[in-house]
Protein chains: 2
Amino acid sequence: MTPFVVPADARSWIEVAPDSDFPIQNLPFAVAVHKGRGEGMVCAIGDFALDLPVLMEAGLLDEEEFPWLDGFFGLDKDSLSALRKRIFDLLVDSSSELKDNAKLRKTAILDRKSLVLTVPIPPTSFIDFYSGIEHASNVGKMFRPDMAPLLPNYRHLPVGYNGRSSSVVASETKIIRPKGQTKGADDEMPTYGPTKEMDFELEMGFYIAEGNEMGKRINCKAAEEHILGMVIVNDWSARDIQRWEYQPLGPFLSKSFATSVSPWLVTMDALEPFRIEGMEQDPEVLPHLRRQGQQHFDIALEVYLNGEKICESNTKHLYWSMSQQIAHQTSNGTPIEFGDLYASGTISGPEPGSYGSMLELTWRGAKPLDLAGGGSRTFLEDGDVLTMSAFAQGLGFRIGFGECSGEIVPAVN
Amino acid sequence: MTPFVVPADARSWIEVAPDSDFPIQNLPFAVAVHKGRGEGMVCAIGDFALDLPVLMEAGLLDEEEFPWLDGFFGLDKDSLSALRKRIFDLLVDSSSELKDNAKLRKTAILDRKSLVLTVPIPPTSFIDFYSGIEHASNVGKMFRPDMAPLLPNYRHLPVGYNGRSSSVVASETKIIRPKGQTKGADDEMPTYGPTKEMDFELEMGFYIAEGNEMGKRINCKAAEEHILGMVIVNDWSARDIQRWEYQPLGPFLSKSFATSVSPWLVTMDALEPFRIEGMEQDPEVLPHLRRQGQQHFDIALEVYLNGEKICESNTKHLYWSMSQQIAHQTSNGTPIEFGDLYASGTISGPEPGSYGSMLELTWRGAKPLDLAGGGSRTFLEDGDVLTMSAFAQGLGFRIGFGECSGEIVPAVN
């Protein structure tokens, strides 16, 4: 299906601030928890959100075309695109169907700030890639100082691993400092207790719409047809637990305690104007992983610690595209499924101010981060609030993702 | 709840061969696919299986006590135990309720060989441990010959990683040889094609019944209350893909193409008489991982390649118990859930004839395995049928798991 791209000069009869994340060109979806009547889909416009089940009840959305608006489950990519097109038709300034129904506007248009939003889709599986080449290089420099920063496989395949789906939580869920086993280099025995190296990882993620049959791979050209939309992902990490546990089978409990995702699923249609070529891949990758056209995106990323900006990065620093990740994941016949969540890996830029984790920002704790508000940090402390934002900007509007936020609370006794 | 252990001298009015996997002391459950009426639970007895929805329809199982017999979903450990007790009451030789109902016997007692059985529970998550210490030692000797065979963390925590749940398949599902990226040590560039090092891994697994609240750990003493039952697991592996991809984040596509599980879920109640202390743990592990009583089991394991026995092992070679694995997994607050599948890692014994993978049996291909039927193998070939069996034996009966089997079929073009 052709993507539905809203014209750059389109405006809504609902006023939207010029720097809003949610102009009529965006129209992302989320799942809200409504007191007394369960969960339902909402669509963001400026400071407001449309309550989709209410619009359906009023007859403004076709019950046969969109039979299920409690959440994303059952919506394929085409029906989500059609739903977004219909909402555009209701919101564009030339439209009067909703605009002139004062009574319906009262119940169908919600204050966005008042919403309680869940994880867009509780993921069937969570897979975390390692496609931020600057991050992978930094980790290599820190942990393998005598070797080339990147391992030999890095430029030949998108390195990734399976994460834990049961602990994927909504933005604003409090993050309990995890306990775990750690061992200092000079300690004779390990100990068990709260992590002393609580970290974040700045990532972007995407949800799978339609999967593949087991045994049949998805090629790089067709891969994007399987993406429902994108979200911000914070892959919380406990570095001291990770250091002790990760050999030889990879990170496990250092990551599984919590992963936060932003609530608004931004569609690929909305991101269409922000396609870019992506960085050059050298050496050329094998044919089944070769990019087809512009499969990267120009999305600005920011991280705030207690309100102070500590990082500015961009998805253009990803070596591997989402399409390549899907092509790789299915290259051995693995079935992917509706609701699978794939994350990019930490997206650091080349300069220190663009590093996407405390590990890199403080260079393993060697260069504490001085905060403008006073104090400094090597890793995150209890009470710290870490917030990520993401947006594609240009053509007179911004396609924003809102925020992905979490406060660290003390370990449980 | 006290486990329901069937007395060793109990007999059923259904005749059961002395060496059957399924005497009245066992009574494991599976999910059968019935032509025309969907899926339903069955319970094995000798060469037969009881059709549980048919027994319910006939009024022999209480609809209020067991409301859902299409599959395991919704059954907690206590209700599964109660269901097994009720079936024992129907099958024990002193019982006449079913025995004397000739008409019902015709529809409720099925020929076990005629059944098409599925994966007991399509797993919510699949986690693979590495608790077979002989296997971990062998891998260390092969891949890190200049170092101690076990990494420093091995005896302090049960090393594990997240696997792929979407490709967990039922026994007898054909296993398509996966393609993947590999690179020989002397090759300049990697290539993409069918694996040349197709392997099996002999493992046992268990399903989670009731989970924990996020943030709250399960202690080692209480852990077994969360286990619904056990199955055999074959963690198919492509060694050449694994070698190239696994650094630094662990195995990914070398494992995710398929994992086979045996259909019969054997309850912990049935295994109760086969508890053992397990091997000594030295150094003593941290308090939260310390074993409480006999939390290991004496289960004999066998592997057959095209009908020829190539391995005899036993779960007593596991360094870490299932309870310790659960205590570790939740020690950072990770929520575990109904339907999670946990596998042990490859269970090799100390002698070559007890090695649980081709990698070890042929010592990385250096010592090809001569087959009595002619020919030899380094790794598995297309057309090979690999079958695992498991049973606890003693007290005049056998608690068997049936088989976990799979045939390798050629890669898809």
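Per-structure values
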quantity: Label distances, nm, A:GLU351 versus same residue in remaining copies, Cβ-directed 7 Å point; calculated: 6.8
quantity: Calculated Rg and Dmax of the range A:29-117 using C-alpha coordinates, Å; calculated: 12.3, 35
quantity: Cα-centred dipole magnitude for the range B:29-117, charges only on beta-carbon of K, R (+1) and D, E (-1), debye, nearest 20; calculated: 440
quantity: Over 21 Å (Cα to Cα) - which of A:LYS35/A:LYS106; B:LYS35/B:LYS99; B:LYS216/B:LYS316; A:LYS85/A:LYS113; A:LYS106/A:LYS174; A:LYS113/B:LYS216 fall in this group; calculated: B:LYS35/B:LYS99; B:LYS216/B:LYS316; A:LYS85/A:LYS113; A:LYS106/A:LYS174; A:LYS113/B:LYS216
quantity: Nearest-first distances (nm) between copies at B:PRO18, label 7 Å from Cα via Cβ; calculated: 9.2
quantity: Binned Cα-Cα distance frequencies in the range A:63-174 - 5 Å width, integer %; calculated: 2, 8, 10, 12, 14, 12, 10, 9, 8, 6, 4, 3, 1, 0
quantity: Length-normalised contact order for chain B - Cα pairs under 8 Å, 6+ apart - percent; calculated: 21
quantity: Among B:GLY211, B:GLY59, B:GLY74, residue whose mean-square fluctuation peaks in a GNM of chain B (springs only between Cα atoms under 10 Å); calculated: B:GLY59
quantity: Rounded FRET efficiency, nearest 0.05, which uses the C-beta distance separating B:MET1 from B:ASP282 and R0 of 30 Å; calculated: 0.30
quantity: Within straight-line cross-link reach of A:LYS77, aspartates and glutamates at Cα separation under 12 Å, skipping those fewer than 8 residues along the same chain; calculated: A:GLU210, A:GLU224, A:GLU225, A:ASP269
quantity: Set B:LYS141/B:LYS183; A:LYS179/B:LYS255; A:LYS196/A:LYS255 screened for pairs whose C-alpha atoms are more than 24 Å apart; calculated: A:LYS179/B:LYS255
quantity: Translational D in µm²/s for the protein assembly as shown (Stokes-Einstein at 25 °C, 0.890 mPa s, Kirkwood Rh from C-alpha pairs); calculated: 87
quantity: Cα centroid of the range B:270-332 to Cα centroid of the range B:342-413, whole Å; calculated: 19
quantity: Exam field: B:GLU381 pseudo-label spacings to other copies (7 Å along Cα-Cβ), nanometres; calculated: 6.7
quantity: Sorted by Cβ density within 10 Å, fewest first, the residues A:ARG144, B:ARG164; calculated: A:ARG144, B:ARG164
quantity: Percent RCO, i.e. relative contact order, over the range A:29-117, from Cα pairs under 8 Å lying at least 6 residues apart; calculated: 36
quantity: Residue order, fewest to most beta carbons within 10 Å, for A:PHE391, B:PHE126; calculated: A:PHE391, B:PHE126
quantity: 10 Å Cβ neighbours from other chains, averaged over peptide B:160-172; calculated: 5
quantity: Gain on full stretching of the segment that runs from B:ASP9 to B:SER95 - 0.36 nm per residue minus C-alpha separation; calculated: 29.4 nm
quantity: Rotation relating A and B, chain B residue nearest the axis via C-beta, angstrom; calculated: B:GLY250, 1
quantity: Cut-off 10 Å between beta-carbons: net charge of the residues surrounding A:GLY402, Lys and Arg +1, Asp and Glu -1; calculated: -1
quantity: Computed helical MRE - 222 nm, chain A, DSSP H runs ≥ 4 contributing -39500 (n - 2.57), nearest 500; calculated: -4000 deg cm²/dmol
quantity: Between the range A:204-232 and the range B:45-65, the Cα center-to-center distance that results, in Å; calculated: 42
quantity: Dipole of the protein assembly as shown, positive direction: furthest Cα of A:GLY374, A:ASN153, B:THR334, with charges on the beta-carbon; calculated: A:ASN153
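Bear in mind that the values in this text are calculations on the coordinates, not laboratory data. The model shown is predicted, which means the values in this text are computed figures rather than measured ones. When we count neighbours, we look across all protein chains shown, and the Cβ atoms used for this are built from the backbone with ideal geometry, even at glycine.
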